[in-house]
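The values are calculated or read from the model by the stated rules, or taken from the named source; none is laboratory data. Source: prediction; values computed, not measured. Ideal geometry is used to build each Cβ from the backbone, glycine not excepted, and the neighbour counts take in all protein chains shown.
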Amino acid sequence: MRFWMLTLGWGLLGIAGIGLGAFSALRSPLSALISLHSSLIYSQPPQAFQTKRCPKGHVNSADRKVCKECGANLPKTKLPARVTIKVCSQTGQSANNYCPVTKLKNLATTSVPRKCSSHKALPKNPVGVRITNNSAEDRSPSWGPNQMIAFVSKRDGTDEIYKMKSNGEGVVRLTNSSGGNYWPTWRPDGRITFVSFRDGSSEIYVMNADGSNQTRITTNAVDETSPSSGPFQQIVFESGREGNPEIFLMTANGEQSRLTNNAEFDIHPNFTKDGRIVFCSERDESYGIFIMNSDGNNINRLTNNVTGMDCFPCCGPDGRIAFISDISGTLEIYVMNSDGKNLIRITRNSSDESQLAWGPDGRIAYVSKRDGNSEIYLMKAPPK
């Protein structure tokens, strides 16, 4: 089963029969080789630990008996039971003078056991605030006006679209159809675009913010999914109408044009702040994040996770891009500039994170199973 089904599975959980656990089972195994920033964070001991020098002046960690540079015997040193190191308040990572991930300075100090030489014993970064709590799964958040969030839930027996305040209060059901409704995205005019199976295939609809006037806007026998609203009431979405999942653009008057044409899958498009389109593609043999102009030209790859997958991008009000990556072994949230630079990991959990939505106030809504069930969480994005 190809990765494209996962975008359907996360958005159409239950219909496609693929959820977060299936993503973990289907993604490619990670190689022992990690990217430079990951190896710096996860495999190196904190540099603030006590050190000792060989006769030639080479600096070695205090637990070494022989110099790593020249092989000379090192003097014995009695290590303290605990040592004080500097820790980044956002990532929980240790460093000398600045965090290697966020580049933040003025780090706080903390005391950790001497034998701890990895991030696992250091404080974790904030996990976010849980705003839904239901026995059924809540997922696919989308920010709207007045800090409202649209989302999908099966709390009433079928997959339907709801809206709520960003504190989780005031939940209102917007759809009611037996076919299932998925993937809401708020439009600039205050309406909501979504995907529904009510007419027998996955098609794109639009409705008012109160759930009224639900209207179908695509009419194809194949699945259309993953819509994202942009400037001038445009919608970008993925479609299998040409036999292979590709990205299409729909204008306000309903005209549709194909933006990508590749033998591999192009999926999950999203508009950037400046009107470009960021998306996920397997075109270079591994799933990565790409960006292109709104007419499909000038395609550039932003990430280079050759051993795993980077996908499901969303764009923030400051122009940065958040996305999901398995480079650390679990699906975690990362943030980068729109040119792919200044990559920052912002979650650190044993469970997978998914389905991002970056709000106008700088908070990121996302889905996590860290409490045993898919629920929606909020967290502040790190400063740019």
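For (1) in contact with a Gly (Cβ under 7 Å, 6 or more places away or on another chain); (2) closer than 21 Å to VAL171 by Cβ; (3) of a type in the set (D, E, K, R), each residue gets a yes or a no:
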| site | (1), (2), (3) |
| --- | --- |
| THR193 | no, yes, no |
| SER196 | yes, yes, no |
| ILE204 | no, no, no |
| GLY211 | no, yes, no |
| THR215 | no, no, no |
| SER226 | yes, no, no |
| PHE232 | no, no, no |
| VAL236 | yes, no, no |
When the range 300-358 is checked residue by residue, the ones that are of a type in the set (Gly, Ala, Ser), within 25 Å of PRO145 (Cβ to Cβ) and either assigned to a strand (DSSP E or B) or within 13 Å of the chain's Cα centre (by Cα) (or both) are GLY316, ALA322, SER354, ALA357
Residues of the range 310-335 being of a type in the set (A, V, I, L, M), farther than 13 Å from PHE279 by Cα and touching a residue at least 40 places away in the same chain (Cβ under 8 Å), in sequence order, are ILE327, LEU331, VAL335
Reported set for the range 336-368 where residues are closer than 29 Å to MET292 by Cβ, in contact (Cβ under 8 Å) with a residue 60 or more places away in the chain and of a type in the set (Lys, Arg) is ARG345, ARG363
Here the qualifying pairs (Cβ atoms under 7 Å; residues six or more apart or on different chains; first in the range 255-268 and within 19 Å of ILE235 (Cβ to Cβ); second part of a loop (DSSP other than H, G, I, E, B) and hydroxyl-bearing (Ser, Thr, Tyr)) come out as ASP266/THR260
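Kindly indicate whether GLY190 is under 17 Å from VAL206 (Cβ atoms) and exposed (fewer than 14 other Cβ atoms within 10 Å of the Cβ). First the steps, then the outcome.
Details: under 17 Å from VAL206 (Cβ atoms): yes; exposed (fewer than 14 other Cβ atoms within 10 Å of the Cβ): yes.
So GLY190 passes the test.
Conditions tested, residue by residue: (1) surrounded by fewer than 16 Cβ atoms within 10 Å (Cβ to Cβ); (2) at pLDDT 95 or above; (3) under 18 Å from ALA357 (Cβ atoms).
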residue	(1), (2), (3)
TYR162	no, yes, yes
ASN167	yes, no, yes
GLY200	yes, no, no
ALA209	no, yes, yes
ALA221	yes, no, no
SER226	no, no, yes
Of the conditions (1) acidic (Asp, Glu); (2) under 9 Å from the mean Cα position of the chain (by Cα); (3) farther than 20 Å from ILE289 by Cα, the single one that ASP371 does not satisfy is (2)
Every listed condition ((1) modelled with pLDDT under 95; (2) in contact with a strand residue (DSSP E or B) (Cβ under 8 Å, 6 or more places away or on another chain); (3) on the phi > 0 side of the Ramachandran plot) holds for GLU285 save (2)
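Hey, among the residues in the range 256-299 that are part of a loop (DSSP other than H, G, I, E, B) and among the acidic types (Asp, Glu), which one's surrounded by the fewest Cβ atoms within 10 Å (Cβ to Cβ)?
Of the residues in the range 256-299, the ones part of a loop (DSSP other than H, G, I, E, B) are 259-265, 272-276, 282-287, 293-299.
The next check asks that each one be among the acidic types (Asp, Glu); those that pass are 264, 274, 282, 284-285, 295.
Values: GLU264: 17, ASP274: 11, GLU282: 20, ASP284: 12, GLU285: 8, ASP295: 10.
Among those that are part of a loop (DSSP other than H, G, I, E, B) and among the acidic types (Asp, Glu), it is GLU285.
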Of the residues in the range 172-207, those that are closer than 15 Å to SER142 by Cβ and in contact with a Lys or Arg (Cβ under 7 Å, 6 or more places away or on another chain) come to VAL172, LEU174, THR193, TYR205, VAL206, MET207
Residue count, the range 236-254, condition within 19 Å of ARG283 (Cα to Cα) and either part of a loop (DSSP other than H, G, I, E, B) or of a type outside the set (A, V, I, L, M, F, W, C) (or both), comes to 9
Per the filter on the range 170-187, residues at pLDDT 95 or above, over 25 Å from the mean Cα position of the chain (by Cα) and surrounded by 16 or more Cβ atoms within 10 Å (Cβ to Cβ) are LEU174, THR175
